[in-house]
Every structure is written in structure tokens, then in C-alpha cells.
Amino acid sequence: MDFEVKRGGCGCGGCVAGLGSLALVLSIAAIGVFFVVGMPKGGSDEVIAAMAACPAVTAAMGSPLQKAPVSMGCGEQSSGGGSGSATWTIGVNGPTMSGDVSYQATYLGNQPWQILNAVVELDDGRTIVAVPCAGGSPPPQAPPGRTPPVERDDRPDRGKGGKRR
């Protein structure tokens with residue numbers, strides 16, 4: 001009886017090379033995940049606190065709010081000389097709605113991050129200004145006995161008192 005033995009595959013050298021390639025790809029992926037999830041995002045804790053203090057945001061998203069556990073945060077952060085600034089967009093989850101918040105923040109010395117502005121874009125397409133809080137505290141009132149000034153538009157294309165014709 002004659003038997004014909006066929007050898008196929010890539011042999012031991014091919015298996016080792018395949019395992020090495022797999023290990024390299026997994027290592028690169030792990031580093032990438034670290035930078036996406038683990039990268040510090042300046043002011044992210046402070047922006048969550050500012051959003052939680054805005055009634056319009058908590059009415060839309062519920063409470064408590066938290067950073068999305070896996071978020072493709074994007075932006076930039078710079079620091080030096082005891083101060084820093086950050087511009088970020090991070091994912092935020094609430095019990096009833098999720099979204100992305102884009103914000104700008106600064107810090108000076110050992111002070112906490114100060115949120116300059118923050119806008120939340122909800123998953124349903126609505127946008128809420130969280131800092132300064134839209135729908136939060138009422139606008140300042142004129143002192144008693146004084147009427148607030150009336151803005152007039154005296155451009156020639158407008159009628160008396162600045163009203164549109």
C-alpha cells in the first residue's frame with residue numbers, strides 16, 4: 001500500500017509568526033484603549049458637577065450624571081507655569097438620556113478646574129447650554145423704582161422706535 005502524506009499549513013514557523021502578530025495587535029489595541037478610556041480629561045469631573053447643578057440638564061437627562069465609561073473623548077489640553085486650559089468633548093450618561101458635552105475649562109495654581117462654558121448635545125438631537133445654565137436662575141432684575149433701559153434701533157430701514165415695519 002502506498003500512502004501519500006501531504007503536508008499543509010504554515011508549519012511551526014508560521015504558527016509562531018501568527019501568534020507573535022496576534023500579540024502585537026492586541027498590545028497596540030490595549031494601548032489605544034488606555035488612551036481613549038484612561039486619558040485624563042481636564043475639568044471632566046467639574047463639568048459633570050456643573051451639569052448636575054443645571055435644572056435644564058437634569059430635567060432632560062435625569063440624575064445622577066456620570067461620564068460615559070467608554071468615551072471617544074476628543075479635544076486638547078495644555079498646561080505649564082502653574083496654569084492650564086482644556087477644550088474637550090466627552091460622553092455623559094444619565095438615567096433617562098445620554099449625550100456629549102463640549103466644554104472649555106481653565107485652572108490656575110492649585111485651584112480646581114473652572115468651567116468657562118459647556119454645551120450638551122443629547123442623543124435625541126436637542127442641545128442644552130449647561131454653563132452658563134440655560135433655564136437655571138432667572139436673569140437679574142432692575143432695582144426697585146428703576147425701569148430697565150429700552151434698546152432702540154434707529155437704523156434708517158426701521159420705523160419709529162426701532163420697530164420693524
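The values are calculated or read from the model by the stated rules, or taken from the named source; none is laboratory data. Since the model is a prediction, treat every value here as computed from it, not as a measurement. We place every Cβ from the backbone using ideal geometry, glycine too, and count neighbours over all the protein chains shown.
Which residues, taken from the stretch 63-86, are assigned to a loop (DSSP other than H, G, I, E, B) and touching a Leu at 6+ places or on another chain (Cβ under 9 Å)?
Scanning the stretch 63-86 gives a single hit, GLY82.
For the stretch 54-86, how many residues meet the condition of being closer than 19 Å to ASN110 by Cα, modelled with pLDDT of 90 or more and of a type in the set (Ser, Thr, Tyr)?
Number satisfying all stated conditions: 2.
Report whether or not GLY125 is out of contact with any strand residue (DSSP E or B) (no Cβ under 9 Å at 6 or more places or on another chain) and either at pLDDT 95 or above or not aliphatic (A, V, I, L, M) (or both). Don't jump to the end; show me each part of the working.
Details: out of contact with any strand residue (DSSP E or B) (no Cβ under 9 Å at 6 or more places or on another chain): yes; either at pLDDT 95 or above or not aliphatic (A, V, I, L, M) (or both): yes.
Judged against the criteria, GLY125 is a match.
Among the residues of the stretch 99-127, which ones are of a type outside the set (Val, Ile, Thr), surrounded by fewer than 16 Cβ atoms within 10 Å (Cβ to Cβ) and outside any loop (DSSP other than H, G, I, E, B)?
First pass over the stretch 99-127, keeping only residues of a type outside the set (Val, Ile, Thr): 99-100, 102-105, 107-114, 116-118, 121-126.
Imposing the further condition that a residue be surrounded by fewer than 16 Cβ atoms within 10 Å (Cβ to Cβ) reduces the set to 108-112, 114, 116-117, 121, 123-126.
Once the filter is applied, which keeps residues that are of a type outside the set (Val, Ile, Thr), surrounded by fewer than 16 Cβ atoms within 10 Å (Cβ to Cβ) and outside any loop (DSSP other than H, G, I, E, B), the stretch 99-127 yields LEU108, GLN114, LEU116, ASN117, GLU121.
Can you work out which of the residues in the stretch 35-53 that are modelled with pLDDT of 65 or more and β-branched (Val, Ile, Thr) is farthest from ALA68 (Cα to Cα)?
Of the stretch 35-53, the ones modelled with pLDDT of 65 or more are 41-53.
Applying the additional criterion that residues be β-branched (Val, Ile, Thr) yields 47-48.
Working: VAL47: 13, ILE48: 11 Å.
Checking each candidate, the answer is VAL47.
For CYS133, all conditions in the list (1) on the phi < 0 side of the Ramachandran plot; (2) in contact with a Phe, Trp or Tyr (Cβ under 7 Å, 6 or more places away or on another chain) hold save one; what is the number of the exception?
Of everything listed in (1) on the phi < 0 side of the Ramachandran plot; (2) in contact with a Phe, Trp or Tyr (Cβ under 7 Å, 6 or more places away or on another chain), CYS133 misses just condition (2).
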